[in-house]
Each structure stands twice: as C-alpha cells, then as structure tokens.
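Novice: Got a structure here, written out as structure tokens. Questions coming.
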Amino acid sequence: MQNNCQFGMIGLGVMGQNLLLNIADHGFAVAGFDTNTQKVAELQQNATVGTQIFATDNLPQFINALQSPKKIMLLVPAGPAVDAVLQNLAPYLNQGDIVIDGGNSFYKHTNERVQRLAAQGIHFMGMGVSGGEEGARRGPALMPGGDEVAWHHVQPIFEAIAAKVGTDACVAYMGKDAAGHFVKMVHNGIEYAVMQLIAETYAVLKHGLHYTNTQLQDVFTRWNSTELESYLIEITADIFGKKAEDETTDIIDIILDVAGSKGTGKWTSVEALQLSIPIPTIDAAVTARAVSTFKPLRNSLATTVQKCTGEFTITENDCKSALYAAIIVAYVQGLHLIQQASVDMNMQVPLANAVKVWRGGCIIRSQLLTTFYDVFVQHPQTVQLLEAAPIQQLLNTHIQGLRAVVSQATQNGIACSALASAVTYFDMFSTAYLPINLIQAQRDYFGAHTYQRTDKDGSFHTQWQA
C-alpha cells in the first residue's frame, strides 16, 4: 500500500483505533502506527471487511504508506509524549505536510507547536475530540483549529466521519492557532459543571424529597423527553437502573463518593481567572471534585458538625426548573469565556461553529444547544448570551425554581455550590448596582488605589483618616 493511504494515525489505543476504523469505513485508505504490536494486530482484526487499512509498528513503513502531502493525526497522551512523537516524525516530514494533535493537549502547548512547525513549513492543527470511544467509532464531535490551509485538506475526511445533526456534520473550523484545543478545554469545563449540577439535583431529590433509585430513574427518563433532553440526562437515567453483580444492589449505592479528574476542568478555571471572565459554576464543579477527595475528613466532620433541618416544600418540577436554569447558566459562562479568549488572543472563533459542533456526538450535547446556535446565527455579534431575549425568557421562566431549590437545600445542609453559584451569577449580571463601591472605598482607604465617581469623570482619592 505504498504512497496510497490518504490518512495516517499514530497511537492505536481505543480512541485512535476507533477513529481510524471510522475513517476507513467511510471509504478512505488509512494507515495506523503504534509501537505496541498487539494494538497493531487489533486494528487489523477489527477492520471492516473490504476497507483499506495498513497497520504497522515500523515508522518508516507507516510514512511510506502515506500520500503527499501527508496527513497524520496523533492520539497519544498529552504533554511530553506529543513532543516526543513530533521529534521522531521530524526527519520524515516535508514542507506542506499536515500534523494534527487529537489529544487533550493544553492549548498553550498547541500554540507553541503551531508556531514551531510553521517555521519548518509544516501545517499543525490542534483538534478537540469528544464522544468517547463509541463516538470515535460511530460519529464524534470534532473541534479543529490552527492552520486553516490544513483544515481544507482534511475537511472532507472529518465531515464524513463526524456525528450528524440532520444533514449538519458536527465538525467545523474553530479558528486560528490553538482555538480547537481551547474550545475543547471549555467544553470539558462545561461538562464538569453540568455533571455537578445533575449530581446536586440528585442529592436534593434523594435526601430532600426521599426519592428511591427507581423513582430517580423514572424522573430522569421523563426529563430526557423534555427541554432537558441531553446525553448526560440520558445516561443518568440508565445509571439509576443498573444493578451490581449480585443483581439486587443498585450499583449507584456502592460507588464511593470520590471523583477523579484529568485536569481539563481546572485548566478552564485557571484560564478564566487569567482572562478575568467569571465562570463560578464551572469553578464550583472543579472545587466539588477536589473536596470529594478528602473523604476521611468529611466522614469525621459528618459525625460532629450539626446541621439545621426543616421541611421540604419544593416539588419535583422545582428541581427540574432549577437544573434547567443552572445548565443554561453553565453554558453561558463557558461561551463567554471562549468569546473573550478569542478576542484577547486573536483566535477568531465563530461561536456559532462551537455550538453547532456540540449539538451532536459530544458529551455535552443537548437540546439547549439548538437555541444557542440560533442566537449566534441570527446575532453573530452576541458577546454574552444573557443579552439574548430567548435566553432571558428561558431564565425568567425557570429561575424561581432554582431559587427555591437552593434555599431549601442550604437550609437543610445539602451542599449545592454549583446550583447556588448559577443563581448568584444570574443575579449579579442582572443587577444594575453591586456593593463593589464599598470595596473600592476600602482599597482607596488602605492603599490609595483611587476610585471613580457617579457624578463626575476622573479618578479620585480621599484622605479617609482625619
């Protein structure tokens, strides 16, 4: 198959293998490389009969199998492994070749690689991939960014394999430099937030309204046929119906309440702080995972700290409204961050493209995204979604449910930091007057930082002490 393959993949783990099989199934001749001979064999064994797949553990053979310009995707662990692969590839690359990093790389590292390889005449792209192993095999959401010339070369391949919403492929050019990986990073931050909001709603239903797991499965199944329809709501319903090995115990009840993470949510929070964009619901989700790891301390304090209890008067419908409103706010925060980063770093991200891609194939796909997409298509200059009338109408309809749930959960000692942050964010942005004038007075008092006034222009300082 010398010089016959249209696309190559380095890294034949589950994601790399499934993406390559997906590409082959759509009629493209592909080559796969991995130093692990077992993974090479698995790719060949799993290939659909009649597809054109060349698999090898020999790098020169892999390179020789590719057409020029070579189109090579990396699906290896983020960090030093990416640079190691690029170093090994360097002797085999020619001007005009295309390299795509499909892992969860930190976007600043992608920026460095784009610039370094551009100086050598190599087109480099960072591409976010969402949807897990099943999405990779049957239709992922793809977020490519970087070299636009490279995008046009690989566009037919990625449009063929991406998830579809109607006739729209869930892939689009995200913008310059590391735009693809930045959008994927924020996607993951929103994912953290939505998962935490669902978990807190579960806690209110379970401990406040005393729903059984059977009732919870029914609730989330019903909610998934409403405006809350989404992948995460769908799988939550499935989780409450799953039994452990003994076929009697609900597996949710024996899962330890300690959450793992791979760092992308934290990256989102850190970068938002650097850009001075508030994303408190995403931050609350990151914090909740961190708190969960202090299990022994939590167990100890749970036996000594007294919490108030009271009667729950909220309803299931209040919980539904609370979750819906808070999820809207989480998306609003993430999209605002992307918009500001795009301006500050000149990534030129079309927000409509990000929302379009997220509508299918990815973990945060939801019915809500169609509403957001319509807003950005009709009003492409939208900076913050709270400005949009359709979003205001949705929040005005559901915000009272969020207020009620947060109030009663807090009174009864049920932690709901993400839900609470969402209503506070909404209130702060929809308030003409904030008590920050006092903070500015304090800053001027102890540090002579000056302040502005409402009655005249300029900067002012007061001698506060007589």
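Novice: May I ask you to sort Arg137, Arg222 by Cβ crowding, counting other Cβ atoms within 10 Å and putting the fewest first?
Specialist: The fewest-first ordering by Cβ neighbours comes to Arg222, Arg137.
Novice: Please give me, ordered by residue number, the trypsin sites (Lys or Arg not before Pro) of segment 374-466 that lie in loop per DSSP and have at most 15 other Cβ atoms within 10 Å.
Specialist: Here the sparse-neighbourhood loop sites are Arg453, Lys456.
Novice: Note the per residue figure in Å³ for the convex hull of the C-alpha positions in segment 74-113.
Specialist: Residue-normalised Cα hull volume stands at 70 Å³.
Novice: Follow-up question, since we're still on this one. Before anything else, pin down the relative contact order of the chain: Cα pairs under 8 Å, at least 6 apart, normalised by residue count, whole percent.
Specialist: Value for the chain: 13 percent.
Novice: Give me the orientation-averaged projected area of the Cα convex hull of segment 7-173, in nm², one decimal.
Specialist: 8.8
Novice: In addition: How high is the FRET efficiency from Glu229 to Glu387, r the C-beta distance, R0 22 Å, rounded to 0.05?
Specialist: E(calc), rounded to 0.05, equals 0.30.
Novice: Could I ask something else about it? Within segment 184-429, how many Lys pairs sit with Cα atoms under 28 Å apart, leaving out pairs fewer than 8 places apart on the same chain?
Specialist: Count of close lysine pairs: 23.
Novice: Using a Förster radius of 60 Å, what is the FRET efficiency between Lys307 and Gln348 based on their Cβ-Cβ separation? Nearest 0.05, please.
Specialist: Given R0 = 60 Å and the Cβ-Cβ separation, E is 0.75.
Novice: Starting with the fewest neighbours, write out Cys308, Cys319 ranked by other beta-carbon atoms found within 10 Å of each beta-carbon.
Specialist: Fewest-to-most ranking of Cys308, Cys319: Cys308, Cys319.
Novice: Mind grabbing the base-10 log of I(q)/I(0) for segment 184-429 at q = 0.10 Å⁻¹? Debye formula, identical points on the C-alpha positions, no solvent, two decimal places.
Specialist: Result of the Debye calculation: -0.48.
Novice: Measuring from label point to label point, each 7 Å out along Cα→Cβ, what is the Gln442 to Asn396 span in nm?
Specialist: With each label placed 7 Å out from Cα toward Cβ, I get 3.5 nm.
Novice: Further question: In the P(r) worked out for segment 314-443, what percent of Cα pairs fall beyond 23 Å?
Specialist: Cα-Cα pairs in segment 314-443 separated by more than 23 Å: 42 percent.
Novice: Label Ser261 and His461 with points 7 Å out from Cα along Cα→Cβ: what is the distance between them in nm?
Specialist: 4.1
Novice: Please compute, for the alpha-carbon atoms of the chain, the extent along each of the three principal axes and give them in descending order in Å.
Specialist: For the chain, the Cα extents along the three principal axes come out at 80, 68, 45 Å.
Novice: Another question, then. Rank the residues Tyr231, Tyr451 as a footprinting-exposure proxy: fewest other Cβ atoms within 10 Å of their Cβ go first.
Specialist: Ascending Cβ contact count within 10 Å gives the list Tyr451, Tyr231.
Novice: Something else: Rounded to the nearest angstrom and ordered from largest down, what semi-axes does the equivalent ellipsoid of segment 9-87 get from its C-alpha gyration tensor (root of 5λ)?
Specialist: Output for segment 9-87: semi-axes of 19, 14, 12 Å.
Novice: Something else now. Per-residue counts of other Cβ atoms within 10 Å, averaged by peptide: what ranking do you get for 71-77, 409-415, highest first?
Specialist: 71-77, 409-415
Computed from the coordinates by the stated procedures, all read-outs in this text should not be read as laboratory data. Treat the numbers as computed from the prediction; the structure is a model and nothing was measured. A quick note on method: Cβ atoms are made from the backbone with ideal geometry, for glycine too, and the neighbour counts reach across all protein chains shown.
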